[in-house]
Every structure is written in C-alpha cells, then in structure tokens.
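Trainee: Before I ask anything, let me first share the structure, which is written out below as structure tokens.
What follows is calculated from the coordinates using simple rules that are stated; it is not laboratory data. Everything numeric here is computed off the predicted structure, so don't read it as measured data. Virtual Cβ from ideal backbone geometry, glycine too; neighbours counted across all protein chains shown.
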Amino acid sequence: MMKGNKGRHHHYWSKKLGLPVVLLFCSFFFLVGFLISGFISQDISHVRPRPRLLKSIEEERERERENNSLSHGNTGESSVSLIPFQVLSWKPRALYFPSFATSEQCESIINMAKVQLKPSTLALRKGETVESTQGVRTSSGMFISASEDKTGILDLIEQKIAKVTMIPRNHGEAFNVLRYEIGQRYQSHYDALDPEEYGPQKSQRVASFLLYLSDVEEGGETVFPFENGEYMDWNYDFKKCIGLKVKPRKGDGLLFYSLFPNGTVDQLSLHGSCPVIKGEKWVATKWIRDRENEFY
Ligand SMILES: O=C(O)CCC(=O)C(=O)O
C-alpha cells in the first residue's frame, strides 16, 4: 500500500517539475557538497594537533599496539615493539637501526669509557705478533659488560640487541667501546675467527652490533669493501676505503652477520673502519657468538 503511494508522489513531482529541473537540482546539491568538503579538508591540513591531543594520539597508538599483540608465552612480551630498521645490504646481511639509543645514553657510555681507554688489541693469527700487526687497528678502547654498568644503560641496550637479533644475551661478548682520533682506523678484517688461521675456537662470532656513540665530521665510516661480491680484490688498499660505507650517526646501530645460516663464513662480511679525517669517532661493538658465553 505505502509503496504504491510513494510511487505516486515521485511520479507527481517529476511530472510537475519536469525531469531536467530535477536533474539540475541534484547537480546543484552535489556541487555545493563537493565544494564544502574540499574546503573542510584543506582547513584541517593547516591545523596542527595540540600537545595534549598528541599525547592522547600516542596513548591511543600504545593501546592499539597492546590490543594488536597476541597472547604470549612465559618468555614473551605483552606489546608489539616498534624498532625501525633499514636493510643496507643482503650481501653481506647488514641492517641499520636509526635512533637505537638516545643521545644521553651515548654520552653516558662515553663518559664511563673515556677514563679507562687503552690501545686496542687484535686477535693474532698463527705466526703474527703485536709488532707485525702494528698499524692494523690504531684506535683506543676498553671492555665493559652490562652488569658492570651501574647506570643500567648497557643493560637496556643489550636487551634491545637481543630482541632485534633474536640471539639470547648470554651469547654476547662484553661491549668493546672504541675511540678513533684523527687518522686512526681499523683495516678490513673478518670478525669470525677461522680456526685454521687462529687455532681452535670454543665458539664462533655469528654477528656484530655496532652502536655509534658520536657523529663524525669526516671519515670514520664502517666500510664493507666486498659488498655484493662484485669487486673482491684481495689486494684491496684500505686507504682508498671503497665499498659500502656506513657513516656513523650518534645513537644509530649497525648489525651485520659474519656467518651464513649454515654456519660458514660470509666472505662478503669483510669490514673495517675508514680513518677519521675530521672530528672523533666513538662506537660500542658487541660481538655475538653461536654458543653461550661461559663467562656471562
Ligand atoms: O669501528 C668500526 O666502524 C668497525 C669496528 C669493527 O670492525 C670491529 O670492532 O670489529
């Protein structure tokens, strides 16, 4: 019954006004609606969220992260972590983590280390001596484990490294905090220690994590001369510092793998530190092994 009435009304108006007028009306309302919506969206783009609003947006995101997380195991975590990274290379496998640590954390590590620096040493191959390897690694450094750092900063950093590598903390060696002054460098080398060259090893270095503690004005890049395997020149001149160069940025992290998943050494993981040309370089290295560290 109602349906029939509506149909009659519709018929009445279109008959009375005529189809072209109805169409004109529709177009007019469409146009007005379109203009108003454009105006509103333009206006909104100029409005900056106020700090209180930002806070509530952040809280909302935090809640979303918590809501997005799954029920976890006894050793898992209750929320989703957001740790941004960039794949720098697949050959070797190298990842970059912007803002891995805060500026204050970096400064605190430097302050802890700078009173204990000694000339850096090297693992020696069979037949090598301290004299024969002079000039290979000219930085100063010191070793510190997370448990020795009473501020708790190295503990936090170590937890974060374990999270991004998914290799438990007790596979890591103590942090080696290094300072490079102008002209100082580390010639290209492998972190993995081949037992044929270095003698029997209890465990092998799988990966290395470098936390840059300072910016460097010029030079001081971490360099991977054989990246992608295109120019594998064994007579490589380290002074040229050619290859994939990673410029240190305070608070950023670099992770690369020395071993393939099958446990063999990735020949492309050869790396070093270019000489500092201007400024000073500070970096904390953590070598991560394939077995638990018995001294941990
Ligand atoms: O200082 C760097 O950029 C590289 C350090 C390094 O190669 C190492 O500690 O094994």
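Trainee: Please list, in chain and number order, the residues 5+ apart from GLY243 or on another chain whose amide H is under 5 Å from its amide H, with Hs placed from the backbone.
Mentor: Distant-sequence amide H within range of GLY243: zero hits.
Trainee: Shifting gears a bit: Evaluate the distance, in nm, between pseudo-label points positioned 7 Å from the Cα of ASN170 and of LYS114 along their respective Cα→Cβ axes.
Mentor: Between ASN170 and LYS114, the simple spin-label model gives 3.6 nm.
Trainee: Whole-Hz Karplus ³J(HN,Hα) for the range 275-289, in order, using 6.51 cos²θ - 1.76 cosθ + 1.60 and θ = phi - 60°, x for Gly and Pro?
Mentor: These are the phi-based 3J(HN,Hα) values: x, 6, 9, 9, x, 9, 10, 10, 8, 10, 9, 10, 8, 10, 9 Hz.
Trainee: When ranked by the protection proxy of mean other Cβ atoms within 10 Å per residue, highest first, what sequence do the peptides 184-196, 241-253 form?
Mentor: Per-residue Cβ counts within 10 Å, averaged per peptide and sorted highest first, yield 241-253, 184-196.
Trainee: Separation between the TYR190 and ARG291 pseudo-spin-labels, each 7 Å from Cα along Cα→Cβ, expressed in nm?
Mentor: The two pseudo-label positions are separated by 1.9 nm.
Trainee: Sticking with this structure for a sec: Taking a point 7 angstrom from the Cα of SER99 along the C-beta vector, which residues in the range 149-187 have backbone N less than 14 Å away?
Mentor: none
Trainee: Follow-up. Nearest 0.05, what FRET efficiency do GLU181 and ASN262 give at R0 = 51 Å with Cβ-Cβ as r?
Mentor: Result of the calculation: an efficiency of 0.80.
Trainee: When ranked by the protection proxy of mean other Cβ atoms within 10 Å per residue, highest first, what sequence do the peptides 161-169, 266-274 form?
Mentor: Ranking, from highest mean packing down: 266-274, 161-169.
Trainee: Could you pull out the pairs from LYS114/LYS247; LYS150/LYS286; LYS202/LYS281; LYS126/LYS286; LYS126/LYS245; LYS118/LYS250 whose alpha carbons sit more than 26 Å apart here?
Mentor: Listed pairs above 26 Å: LYS202/LYS281; LYS126/LYS245.
Trainee: Sorted by mean Cβ packing within 10 Å, highest first, what order do the peptides 75-82, 145-152, 171-178 take?
Mentor: Output ranking for 75-82, 145-152, 171-178: 171-178, 145-152, 75-82.
Trainee: Next question, about the same structure. What FRET efficiency, computed as 1/(1 + (r/R0)^6) with R0 = 45 Å and r the Cβ-Cβ distance, is obtained for THR151 and TRP234, rounded to the nearest 0.05?
Mentor: For R0 = 45 Å, the calculated efficiency reads 0.55.
Trainee: Quick one: if the Förster radius is 41 Å, what FRET efficiency do GLU77 and ALA123 give, using the C-beta to C-beta distance and rounding to 0.05?
Mentor: 0.70
Trainee: While we're on this one: Test of understanding: what is the full-extension gain from GLU197 to VAL87, defined as 0.36 nm times their sequence separation minus their Cα-Cα distance?
Mentor: 36.5 nm
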